[in-house]
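Written out below as structure tokens is the structure these notes cover.
FYI, it's all coordinate maths here, none of it is from the lab. Bear in mind the structure is a predicted one, so any value in this text is a computation, not a measurement. Quick reminder, even Gly has a Cβ in these numbers, built from the backbone with ideal geometry, and neighbours come from all protein chains shown.
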């Protein structure tokens, strides 16, 4: 159990940890290449280290360069698009790895792979990648036909046009990887846009990618030529400090080199509509991704409606929207977010339970939640349910609450942000 008491202001500047989504993709795409690739500022967290372990199991070599403590840098020598070795792979708690990797493996000429993980992963369905991959000709077997372990046997694939039932960058990326090995072109149709890191990175590696309104097409490739990849700071990790600075009086936090890819910054738009005034100062591109300095100060917030096209652009940050809504004036409604039920925990259920335990009034719905703005939270105790974002949400809630919050299972934060508590303490120390 870790306790977070009501605090004084958060002040200072920091670079949040590197982007989790881009780090996963960087390791996988580097492994698909044939030469050495330097990945600069790779996120060193449990999930992304699982991905490094996975590509090693597939035959890639992975070396952490010495003297790279400030910007963790890895040298990865890939096995080529058609070179992964058969293996049994432990994905740990990494849902992104579980859903992306099968796309690459399914179209191999030979081999067999089994993907498994921890208890949480074994509850996370894979049917949303299995259905379209099977339409392409993939040979997949899963427990109850929808849960890990997932067994993949090599098979010839053919391109398809597939409309995503729910916006999902993970499913889209899986199919784009599979399309590199399929006969003919593969098109993924999105009714709502999702994060586009995979398209950017594959195009930079020489793959033929066509992006039209609402659709992405990939053509088969012989090889990928992957150059150095530099990973920006993660806007999803920065979001915890941004919301803390909004809620705790007297705060002023500056977040450096944050990735502001427009498919990832839905939270900034939502908070802006709630009344936040977050300064965004462009800092150029890093690894083909736009970055910016964010400056955040407290603001009076109001309730808003959240739904439609903005949901995929803020899906990982919606728990923080719900937290901020508890401190707002008026009611906030989050809809069109059934995807939250498929995360590390059922985040509609866990966020509702946590905020109500702290004195909030939150009503869950099938695809979101309705939050009454009470101007604050009492405090209390919450359970992280092994979900890193719920753990860190509890910490932020504690700082802004009247009585403090005890978080049971705070160690879950290490999945994406091992240094979260230390960085939070540094900002609190600077404000003392």
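So the values come out like this:
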{"quantity": "Shape call, the range 182-255: gyration tensor on alpha carbons, a/c limit 1.5", "calculated": "oblate"}
{"quantity": "Gain in span if fully extended, residue 85 to residue 123, counting 0.36 nm per residue against the direct Cα distance", "calculated": "11.0 nm"}
{"quantity": "Acute angle (nearest 10 degrees) that the helix 169-179 long axis makes with the longest principal axis of the chain, alpha-carbon atoms", "calculated": "10 degrees"}
{"quantity": "Net lengthening on full extension, residue 361/residue 34 (0.36 nm per residue, minus Cα-Cα)", "calculated": "112.3 nm"}
{"quantity": "The chain: calculated mean residue ellipticity at 222 nm from DSSP helix runs of at least 4, using -39500 (n - 2.57)", "calculated": "-9000 deg cm²/dmol"}
{"quantity": "Gaussian network model of the chain, springs between alpha carbon atoms under 10 Å - residue of 368, 303, 272 with greatest fluctuation", "calculated": "272"}
{"quantity": "FRET efficiency estimate (nearest 0.05) - Cβ-Cβ, residue 225 to residue 285, R0 25 angstrom", "calculated": "0.80"}
{"quantity": "Nearest-ten-degree value, helix 347-357 long axis tilted from longest Cα axis of the chain", "calculated": "20 degrees"}
{"quantity": "Helix 95-106 vs. the chain, principal-axis angle (Cα, 0 to 90°, nearest 10)", "calculated": "10 degrees"}
{"quantity": "Whole-Å distance, taken between Cα centres, linking the range 71-129 and the range 367-432", "calculated": "31 Å"}
{"quantity": "Kirkwood Rh (inverse of mean 1/r, distinct Cα pairs), the range 241-333, angstrom", "calculated": "13.5 Å"}
{"quantity": "For 162, 74, 42, 417, order by how many other beta-carbon atoms lie within 10 Å, fewest first", "calculated": "162, 74, 417, 42"}
{"quantity": "With eigenvalues of the C-alpha gyration tensor scaled by 5 and rooted, the range 77-221, Å", "calculated": "22, 18, 14"}
{"quantity": "The chain, relative contact order [Cα under 8 Å, separation at least 6], %", "calculated": "18 percent"}
{"quantity": "The range 335-387, Rg to Rh (Cα coordinates; Rh as Kirkwood inverse mean 1/r)", "calculated": "0.98"}
{"quantity": "The chain: antiparallel DSSP beta bridges as a percent of all, rounded to 5", "calculated": "70 percent"}
{"quantity": "Relative contact order %, the range 20-217, counting alpha carbon pairs below 8 Å whose residues are six or more apart", "calculated": "17 percent"}
{"quantity": "Rounded if a/c under 1.5, otherwise prolate or oblate - the range 310-407, Cα gyration tensor axes", "calculated": "oblate"}
{"quantity": "Residue exposure sequence - 428, 97, 255 - by fewest surrounding Cβ within 10 Å", "calculated": "428, 255, 97"}
{"quantity": "Mean separation of Cα contacts under 8 Å, 6 or more apart, over the residue count of the range 206-302: relative contact order %", "calculated": "29 percent"}
{"quantity": "Point-to-point label distance, residue 64-residue 13, nm (Cα→Cβ direction, 7 Å offset)", "calculated": "2.7 nm"}
{"quantity": "Potential lengthening between residue 189 and residue 331 on full extension [0.36 nm per residue; Cα-Cα distance subtracted]", "calculated": "47.7 nm"}
{"quantity": "Relative exposure of 385, 408, 24, 197, judged by other C-beta atoms within 10 Å (fewest first)", "calculated": "408, 385, 197, 24"}
{"quantity": "Gaussian network model of the chain, Cα within-10 Å springs - most flexible of 398, 379, 250", "calculated": "250"}
{"quantity": "Overall form of the range 4-139 per C-alpha gyration tensor (a/c, 1.5; a/b vs b/c)", "calculated": "oblate"}
{"quantity": "Three principal axis lengths of the chain [C-alpha, angstrom, descending]", "calculated": "60, 48, 40"}
{"quantity": "Burial ranking of peptide ranges 388-397, 103-112 (average Cβ count within 10 Å, highest at the top)", "calculated": "388-397, 103-112"}
